[in-house]
Amino acid sequence: MTAISVTSTVPRWRTAASLLGWPVLAALVVGVALGIDDNYWLQVLISAEIMVVAAVGLYITFGLSGQVSLGQAGFFAVGGYVTGLLVTRLALDYGVALVAGIVISALVGLALGFPSLRLRGNFLALATLGFGQIVALVLINWTWLTGGANGVRNIIAPFFGLELRTIPDWGVFVGLIAVASVFVVTRIRSSSFGRAMQAVRDSEVAASAMGISLARVKILAFVIGAAFAGLAGGLNAGFVTYVSPGTYDLALSVSILAMVVVGGASSPWGAVVGAVLLTFLPEVLRPVQEYYLLIYGVLLLLMVDFAPGGIWAFLRRVAGVVIGFVSKGARS
Amino acid sequence: MIVQALVSGLAIGGIYALLAVGFLLTYQVSGLLNFAQSEFVMIGAFVASAAAATLGLPLVAAGVLGIGVTAVVGVLMERVTYRPLRNKPHASMIISTVAVGIILAQAGHLIWGPQPRSLPSMVPNVSLDLFGARVSTVSLFIIVVAVALVVGQHLLLTRTRLGRQLQATAVDSDTAQLMGIRTGLLVIIAFAISAVMAGAAGVLVAPLFSVTLGLGTLIALKAFAATVIGGFGSLPGAAIAAFGLGIVEQFVGSFIGTGNRDLIAFGLLLVFLVARPQGLFGSKVGEKL
């Protein structure tokens, strides 16, 4: 009788890599933050890492669970404003404010998760778009709470007693949080909840027949995406030290979704690639000045048209072809 | 006061209605949510304004030119969004329309610059006395043209051969194709009609505001809200909801205050999604059937 192998078929080097990979990645991020002399590019990198946090969160909502959201800017804003207001009005510690921002953002995601139960695909996109617009308009109009067009300024406080003063400090801090976020998201992906989410994405009927609660999975997907967007918003508020309404518009929601789609919705690493790429792209295009947004739009269109599965999937396919070619060459 | 609010509400509602029915037509025929529609509004208005100011065309000719250019842009857009991505995830299609929107907005910025322009209405601006209220001919003109175009699109869809083919494509594209309908061509026609509606909205709305790059943004977003409020499957429902939204906004603006006026559309959108997702007139909800 042949024994059924219960060990996974993943090659041994990959198990080792997954154990060693995270500390190495964390060390790399810290090294880069301390190693870049140019503050301008370090700031761009920190912005990219903040967007990585938001994008991997949306990966859970959209990539893993199939729930389109065009309202991530709303959660980003909730996180940013809650953090900012608690630091400036109540003089709370930045770490406490950040956690409060995540929690409140997640609660808002919970509230928005309920209508999502009835809606799919494009309807959901429109509903979340409406949510994002409401948040954007509230930020401008409710001056008593949000400071109106002026926003909230001087969001400066230590993180659990730890002073974050220089840009390299922030580089290390945000970099570590970004790596931790990606780690958490990959763990969620391979957890039982992650598999339930994939099942719901691929077939709601089959998933519910297997005993998965559609309501629980979909709402949880929204809450996780909202929590990460809130964390990203809070990080952004602390890093740039102010929040103002103009930043949190539909363009931000769209670019977070674009990061996941362009990078590749099939893997959290796709979201990472997309976030880094789409944050650096406008900066790289700066020298062409007034043409940069035009070129950005054209490149975005080309990337979606020619790699609709995302750049990560495209790279994997190319790598697969190359490895297949090399191994074939080695055998013959 | 009531009559004035009603007339201005119907005028702005007519603009929403033009965008809503165009947006919905493209969606039903192709399954694509066109987030570049706001830029169609901008292009229609800018081309008309430039044609009137620099070429010295009469306003009607300039308006027709603006709408024509928008239609061409709509047809070109089908090539780069729907055609390459029709069997791909809908999020990719959404991003592709957003990318086209960025390109159009930036092209507009490079061609016409950041300065706002003006576009006079095709009718002289006279205040008329209507039931004791003063209403402007510009608003009445918008209402008349918008109603004519929305009704015209409805008649086209329900009374003509082309319209029945469009509806068949919307209901079941594969079967329609098996019946000998050239669905690919019909999608292009749907894009063109939708762009004409949006371009017309731009030419009509420009005299109320000035011609700016962001002219269409909020209008288009509110038109999206109207499509959901009206019931996503229903074109007449969307048009009625759009007119209704315009009126509600004007009444709230006139009698309560303009502070939170822009919140109404999106607030109603969420209320309807939670309480009555099939909208005012729709019967079914879910993905495109």
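The values are calculated or read from the model by the stated rules, or taken from the named source; none is laboratory data. Just so you know, these numbers come straight off a predicted model, no measurement behind them. All Cβ positions, even for glycine, are placed from backbone atoms using ideal geometry, and neighbour counts span all protein chains on display.
If the condition is being more than 12 Å from every other protein chain (Cβ to nearest Cβ), in contact (Cβ under 8 Å) with a residue 24 or more places away in the chain and among the hydrophobic types (A, V, I, L, M, F, W, C), then the stretch A:260-287 contributes A:Trp269, A:Ala271, A:Val272, A:Val273, A:Ala275, A:Val276, A:Leu277, A:Phe280. Restricting attention to the stretch B:256-284 and to residues that are assigned to a loop (DSSP other than H, G, I, E, B) and at the interface with chain A (Cβ under 7 Å from one of its Cβ atoms), the residue that is modelled with the lowest pLDDT turns out to be B:Gly259. Contact annotation: residue pairs with Cβ atoms under 8 Å, 6 or more positions apart or on different chains, pairing a residue in the stretch A:113-133 that is farther than 13 Å from B:Phe224 by Cα and facing chain B (nearest Cβ under 7 Å) with a partner that is crowded, with 22+ Cβ neighbours inside 10 Å and modelled with pLDDT under 80, are A:Pro115/B:Leu273; A:Arg118/B:Leu273; A:Leu119/B:Leu273.
Tally up the residues in the stretch A:19-40 that are farther than 30 Å from A:Ser69 by Cα and assigned to a helix (DSSP H, G or I), please. Adding up the residues that qualify gives 15. Looking across B:Asp262, B:Asp174, one residue alone is acidic (Asp, Glu) and either farther than 28 Å from B:Ile2 by Cβ or surrounded by fewer than 17 Cβ atoms within 10 Å (Cβ to Cβ) (or both). It is B:Asp174.
Look at (1) within 12 Å of another protein chain (Cβ to nearest Cβ); (2) assigned to a helix (DSSP H, G or I) and you find that A:Leu315 fails only one, number (1). Among the residues in the stretch A:236-250, are any under 29 Å from A:Phe306 (Cα atoms), in contact (Cβ under 8 Å) with a residue 60 or more places away in the chain and out of contact with any Phe, Trp or Tyr (no Cβ under 7 Å at 6 or more places or on another chain)? Taking every residue of the stretch A:236-250 in turn, at least one turns out to be under 29 Å from A:Phe306 (Cα atoms), in contact (Cβ under 8 Å) with a residue 60 or more places away in the chain and out of contact with any Phe, Trp or Tyr (no Cβ under 7 Å at 6 or more places or on another chain). Among the residues of the stretch A:100-108, at least one is within 14 Å of chain B (Cβ to nearest Cβ) and modelled with pLDDT of 85 or more. For the stretch B:142-178, the set of residues classified as under 17 Å from B:Ala11 (Cα atoms) and in contact (Cβ under 8 Å) with a residue 24 or more places away in the chain consists of B:Ile142, B:Ile143, B:Val145, B:Ala146, B:Val147, B:Leu149, B:Val150, listed by residue number. With respect to the conditions (1) in contact with a helix residue (DSSP H, G or I) (Cβ under 6 Å, 6 or more places away or on another chain); (2) more than 14 Å from chain B (Cβ to nearest Cβ); (3) hydroxyl-bearing (Ser, Thr, Tyr); (4) closer than 13 Å to A:Gln72 by Cβ, A:Thr247 lacks only one, and its number is (1). Taking first residues from the stretch A:43-64 that are more than 18 Å from A:Leu110 (Cα to Cα) and partners that are in a helix (DSSP H, G or I) and charged (D, E, K, R), the Cβ contacts under 7 Å between residues at least 6 apart in sequence or on separate chains come to A:Val44/A:Glu283.
Among residues of the stretch A:115-144 being within 27 Å of B:Ser92 (Cβ to Cβ) and aromatic (Phe, Trp, Tyr), the one that is surrounded by the most Cβ atoms within 10 Å (Cβ to Cβ) is A:Phe131. Total residues in the stretch B:31-51 satisfying the condition of being of a type in the set (Val, Ile, Thr) and under 16 Å from the mean Cα position of the chain (by Cα): the figure is 2.
Being more than 13 Å from chain B (Cβ to nearest Cβ), touching a helix residue (DSSP H, G or I) at 6+ places or on another chain (Cβ under 8 Å), aliphatic (A, V, I, L, M) and within 29 Å of A:Leu126 (Cβ to Cβ) is not true of A:Leu257. Quick one: would you say A:Tyr296 is surrounded by fewer than 17 Cβ atoms within 10 Å (Cβ to Cβ), within 12 Å of chain B (Cβ to nearest Cβ) and in contact with a helix residue (DSSP H, G or I) (Cβ under 8 Å, 6 or more places away or on another chain)? No. Assess whether A:Glu290 counts as being away from chain B (no Cβ under 13 Å) and out of contact with any Pro (no Cβ under 6 Å at 6 or more places or on another chain). Judged against the criteria, A:Glu290 is not a match. Of the candidates A:Val243, A:Val223, A:Val260, the single residue that is crowded, with 24+ Cβ neighbours inside 10 Å and touching a Leu at 6+ places or on another chain (Cβ under 7 Å) is A:Val260. Within the group A:Gly79, A:Gly95, which residue is surrounded by fewer than 24 Cβ atoms within 10 Å (Cβ to Cβ) and under 20 Å from A:Met51 (Cα atoms)? Being surrounded by fewer than 24 Cβ atoms within 10 Å (Cβ to Cβ) and under 20 Å from A:Met51 (Cα atoms) holds for just one of A:Gly79, A:Gly95, which is A:Gly95.
Take B:Gly253 and tell me if it is more than 17 Å from A:Arg118 (Cβ to Cβ), more than 11 Å from every other protein chain (Cβ to nearest Cβ), modelled with pLDDT under 90 and not in a loop (DSSP other than H, G, I, E, B). So B:Gly253 fits the description; yes. Residue under question is A:Arg153, and the condition is that it be touching a helix residue (DSSP H, G or I) at 6+ places or on another chain (Cβ under 9 Å) and of a type in the set (Lys, Arg); does it hold? Taking the combined requirement at face value, the residue satisfies it. Number of residues in the stretch B:48-61 that are without any contact (Cβ under 8 Å) to a residue 40 or more places away in the chain and touching a helix residue (DSSP H, G or I) at 6+ places or on another chain (Cβ under 6 Å): the value is 2.
Within the stretch B:185-204, the set of residues being in contact with a Lys or Arg (Cβ under 9 Å, 6 or more places away or on another chain) and either of a type in the set (S, T, N, Q) or at pLDDT below 90 (or both) is empty.
Output yes when any residue across the stretch B:2-10 is under 17 Å from the mean Cα position of the chain (by Cα), part of a helix (DSSP H, G or I), within 14 Å of chain A (Cβ to nearest Cβ) and not small (Gly, Ala, Ser), and no when none is. No, the stretch B:2-10 contains no residue that is under 17 Å from the mean Cα position of the chain (by Cα), part of a helix (DSSP H, G or I), within 14 Å of chain A (Cβ to nearest Cβ) and not small (Gly, Ala, Ser). Pairing residues of the stretch A:159-174 that are crowded, with 16+ Cβ neighbours inside 10 Å with residues that are among the hydroxyl-bearing types (Ser, Thr, Tyr) and assigned to a strand (DSSP E or B), at Cβ distances under 7 Å and at least 6 apart in sequence or on separate chains, gives no pairs at all.
Residues that are buried (at least 22 other Cβ atoms within 10 Å of the Cβ) and β-branched (Val, Ile, Thr) number at least 2 in the following helices (runs of 4 or more DSSP H) confined to the stretch B:59-147: B:59-80, B:90-112. Within the stretch B:54-98, the set of residues being at pLDDT below 90 and either on the phi > 0 side of the Ramachandran plot or more than 14 Å from chain A (Cβ to nearest Cβ) (or both) comprises B:Thr54, B:Leu55, B:Gly56, B:Leu57.
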